[in-house]
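**Student:** Have a look at this one.
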Amino acid sequence: MTLAADRPRSAARSRDRATDHTQVRVKRHTGPKLRTGIQATVIAVWCLLPFYWMVVTSFRDVGFTFDPTPWFTHFTLANYETAFSTALGNHLGRALLNSLIIGGTVTIIALLVGTSAAYALARLEFRGKSLIAGAILAASMFPGVALISPLFQLFTDIGWMGSYQALILPSISFVLPLTVYTLASFFREMPWDLEEAARIDGCTRVQAFRRIILPLAAPAVFTTAILAFISSWNEYLISSQLSSDATQPVTVAIAGFQGSVPHQEPYTAVMAAGTIVTIPLVILVLVFQRRIVAGLTAGGVKG
Amino acid sequence: MSAATEIPAAIPNPTGTEPQKRRKGGLNAEHGRWAVYLIGPTIVLLAIVIGYPVVSAIIQSFQLDQGLDKTTQLFVQGGFAGVTNYVHWLGQQCGNVTCPPGSLGSQFWVSMGNTFFFTVVTVALETVIGVWMAIIMNRDFRGRALVRAAILVPWAIPTAVTAKLWYFIFDANGVLNHVLGQQILWTSGEWASRWAVIIADTWKTTPFMALLILAGLQLIPEEVYEAGKMDGASTVQRFWNITLPLIKPALMVAVLFRVLDALRMYDLPAILTGGGGGSGNATTTLSILVVDQIRQGFNSASALSTITFLVIFIVAFVFVRFLGANVVQTQAAQQKGELK
């Protein structure tokens, strides 16, 4: 593979560099500082503006859907009522519950099965390790569409169409690989000296894992669980084909939303539903920001 | 956030595999046994949820579709098809004639073109903007934590919601046309709908790209820049000769991930432009075509999804083999803190 440049430097130092966000950098002059500030503002505004527009519109009277006023006007909560209105055919409450059931089950299965695999990939030396690591990584890049046509036929044959298991099983195909490689890269950075010490003190490998490593690994497992849950929560392609009205998750529900005014795209209600679906994720992301970033980049850059 | 929550990042010096290396022989056998037990369940589960459908799709793709033949209106029983289904897509053959315009069969190469067009344009845009975002976020300024939180927002919003949100922004009477003072038909115009998909996708996924690049940037020691400055390198020179070569491994992996993701794009064009846009297939991707085909015949759909899978596989292979996007090696190098 291409080696871009050599970097003579100690191992510990680079790790500090990579993880310490608060390090003091070289002082800069005011000019560049201002330019950095402006560019940073542009980035933040670009990322937040569409989201802000969704929230503003969700609180706007349906008669003023296309009002371009950039702040809250014609304030109403009616759109949220429409979003949850089963009379109009919007089963958003049920869809939220479905997403929770599917996302929760997939996350739990992926963690139960994937944690031990991640441990093995991070800690053990065995033949074919990089092959298996590569295969699991490749599995996460697998196109969901390649699963759909055979599963569509299979689930029709065995009467599973529209059932929860028909939505949970395919989701495992991308959540499990994600779980394994994110956890594995977290595990590689843990203080395994302690495990050695415990084993010298007479613990078995299993005991050492349970009593020493598992408590230390809890934050990593938790972060991975968030990432796994979000990726399951956001899934649309498979659910849109294999779910029924009773089991459809929020992403599918929002895509087929009905408004209070017939024959008109229910923008304000959709924005309300979108806000409801997004706010928990945004809160989750803001609270666990640093760890989610660590998890994302661990899974991404470090494989 | 408590101190305990930062454990994965805060431990400065994880032990490598040093002690194991000294007594490799005996340990490898023991490790191998453990590995089978520990990884086994994952492999079995993945074989069920991925392996089974893939094999089944390949077998099905060599069978004829049951049901009414679209051209002759006669009932077809199914049975072995040979490569008919593949010829149908690749050669645009419906029965013995060329697929009529408007039929799904005739849209194959258009969809292939759209898929690659979206992939090249979005990934190029996201790479350039992502590098820029990462460089800014790597600087020291007040409110940096705020910006880093802000860029996670587009990433966290489900793609289906993103599509609906931009569908509203892109409405003919929507806020974008209002701001631009234009009457662009973003979701139904031929090229406008393509750009609508590209803009929405860029907004949604650039942050992910920026974070991956940022992780690469943070591994570059300040001293390298200091040395560059002392040697009289300008900001631009420092970027091209120091930053870019050093983040190249992280960048290549990020690009690989995004390319593979973009090649299977479905949610955005399916919801934002109703799966068509323009004259009906301006934004149709391979994934959308597969889904459209499922209800018109499993076996043709299986052939198409197998083709899609192969296309993605070939692109991934080219990346890893010829462009040096070696995920596993980059990972190993970063573990050792010696990103080469």
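The values are calculated or read from the model by the stated rules, or taken from the named source; none is laboratory data. Being a predicted model, the structure only gives us computed values, none of them experimental. Backbone-built Cβ (ideal geometry, glycine too); neighbour counts: all protein chains shown.
**Student:** Look at A:Val293 and say whether it is closer than 29 Å to A:Ala120 by Cα, at the interface with chain B (Cβ under 10 Å from one of its Cβ atoms) and at pLDDT below 80.
**Tutor:** It is false that A:Val293 is closer than 29 Å to A:Ala120 by Cα, at the interface with chain B (Cβ under 10 Å from one of its Cβ atoms) and at pLDDT below 80.
**Student:** Return a yes/no flag: does segment A:252-262 have any residue that is crowded, with 24+ Cβ neighbours inside 10 Å and under 24 Å from B:Ala262 (Cβ atoms).
**Tutor:** Within segment A:252-262, one or more residues are crowded, with 24+ Cβ neighbours inside 10 Å and under 24 Å from B:Ala262 (Cβ atoms).
**Student:** When residues of segment A:75-88 are filtered for being surrounded by 14 or more Cβ atoms within 10 Å (Cβ to Cβ) and not in a helix (DSSP H, G or I), how many remain?
**Tutor:** Residues in segment A:75-88 being surrounded by 14 or more Cβ atoms within 10 Å (Cβ to Cβ) and not in a helix (DSSP H, G or I): 3 in total.
**Student:** Out of contact with any strand residue (DSSP E or B) (no Cβ under 7 Å at 6 or more places or on another chain), charged (D, E, K, R) and in contact (Cβ under 8 Å) with a residue 12 or more places away in the chain: which single residue out of A:Arg127, A:Arg188, A:Arg205 fits that description?
**Tutor:** Answer to the check: A:Arg188.
**Student:** Out of all the residues in segment B:186-202, which are farther than 13 Å from B:Ile169 by Cα and under 16 Å from the mean Cα position of the chain (by Cα)?
**Tutor:** If the condition is that a residue be farther than 13 Å from B:Ile169 by Cα and under 16 Å from the mean Cα position of the chain (by Cα), then B:Ile198, B:Asp201, B:Thr202 are the ones that fit.
Listed here are the residues, each with its yes/no results for (1) modelled with pLDDT of 80 or more; (2) within 26 Å of the chain's Cα centre (by Cα).
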| residue | (1), (2) |
| --- | --- |
| A:Gln153 | yes, no |
| A:Ile158 | yes, no |
| A:Ser173 | yes, yes |
| A:Arg188 | yes, yes |
| A:Pro191 | no, no |
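**Student:** So, one more: Out of B:Thr205, B:Thr187, B:Thr162, report the one residue that is more than 10 Å from every other protein chain (Cβ to nearest Cβ), part of a helix (DSSP H, G or I) and not aromatic (Phe, Trp, Tyr).
**Tutor:** Criteria check complete, one pass: B:Thr205.
Here is a yes/no grid of residues against (1) more than 19 Å from A:Leu112 (Cβ to Cβ); (2) modelled with pLDDT under 85:
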site: A:Val206; (1), (2): no, yes
site: A:Ile212; (1), (2): yes, yes
site: A:Ala217; (1), (2): no, yes
site: A:Val221; (1), (2): no, no
site: A:Ala225; (1), (2): no, no
site: A:Ala228; (1), (2): no, no
site: A:Ser231; (1), (2): no, no
site: A:Asn234; (1), (2): yes, no
site: A:Leu237; (1), (2): yes, no
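**Student:** Sticking with this structure for a sec: Do you know which of the residues in segment B:114-159 that are in contact (Cβ under 8 Å) with a residue 60 or more places away in the chain and in a loop (DSSP other than H, G, I, E, B) is nearest to the other protein chains (Cβ to nearest Cβ)?
**Tutor:** Across segment B:114-159, the extreme among qualifying residues is B:Ile151.
**Student:** Taking segment B:286-303 as the search range and keeping residues that are surrounded by 20 or more Cβ atoms within 10 Å (Cβ to Cβ), closer than 14 Å to A:Gln153 by Cβ and more than 7 Å from chain A (Cβ to nearest Cβ), which one is modelled with the highest pLDDT?
**Tutor:** Among residues in segment B:286-303 that are surrounded by 20 or more Cβ atoms within 10 Å (Cβ to Cβ), closer than 14 Å to A:Gln153 by Cβ and more than 7 Å from chain A (Cβ to nearest Cβ), the one modelled with the highest pLDDT is B:Ala303.
**Student:** Condition first: under 25 Å from B:Asp261 (Cα atoms), at pLDDT 85 or above and not small (Gly, Ala, Ser). Can you find one or more residues in segment A:267-274 that meet it?
**Tutor:** Looking for residues that are under 25 Å from B:Asp261 (Cα atoms), at pLDDT 85 or above and not small (Gly, Ala, Ser), one finds none in segment A:267-274, hence no.
Residues are listed down the side, and each one gets a yes or a no for (1) surrounded by 24 or more Cβ atoms within 10 Å (Cβ to Cβ); (2) over 30 Å from A:Leu137 (Cα atoms); (3) among the basic types (Lys, Arg); (4) within 15 Å of the chain's Cα centre (by Cα):
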residue	(1), (2), (3), (4)
B:Leu219	no, no, no, no
B:Val224	no, yes, no, no
B:Met230	no, yes, no, no
B:Trp240	no, yes, no, no
B:Lys248	no, no, yes, no
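**Student:** Something else about it: Given (1) surrounded by fewer than 23 Cβ atoms within 10 Å (Cβ to Cβ); (2) in contact (Cβ under 8 Å) with a residue 60 or more places away in the chain; (3) not aliphatic (A, V, I, L, M), identify the lone condition not met by B:Gly181.
**Tutor:** Tallying (1) surrounded by fewer than 23 Cβ atoms within 10 Å (Cβ to Cβ); (2) in contact (Cβ under 8 Å) with a residue 60 or more places away in the chain; (3) not aliphatic (A, V, I, L, M), B:Gly181 fails exactly one: (2).
**Student:** State the number of residues belonging to segment B:249-283 that are of a type in the set (Lys, Arg) and free of Cβ contacts under 8 Å to residues at least 24 places away in the same chain.
**Tutor:** Of the residues in that region, 0 qualify.
**Student:** Could you go through segment A:203-226 and let me know if any residue there is surrounded by fewer than 22 Cβ atoms within 10 Å (Cβ to Cβ), of a type in the set (D, E, K, R) and either touching a His at 6+ places or on another chain (Cβ under 7 Å) or within 8 Å of another protein chain (Cβ to nearest Cβ) (or both).
**Tutor:** Yes; the residues of segment A:203-226 include at least one that is surrounded by fewer than 22 Cβ atoms within 10 Å (Cβ to Cβ), of a type in the set (D, E, K, R) and either touching a His at 6+ places or on another chain (Cβ under 7 Å) or within 8 Å of another protein chain (Cβ to nearest Cβ) (or both).
**Student:** Can you tell me how many residues within segment A:123-159 are facing chain B (nearest Cβ under 7 Å) and part of a loop (DSSP other than H, G, I, E, B)?
**Tutor:** Of the residues in segment A:123-159, 8 are facing chain B (nearest Cβ under 7 Å) and part of a loop (DSSP other than H, G, I, E, B).
**Student:** Right, next: Among the helices (runs of 4 or more DSSP H) lying completely within segment B:1-71, list those that include at least 1 residues that are at pLDDT below 65 and facing chain A (nearest Cβ under 8 Å).
**Tutor:** Counting at least 1 such residues, we get B:7-10, B:18-22, B:24-46.
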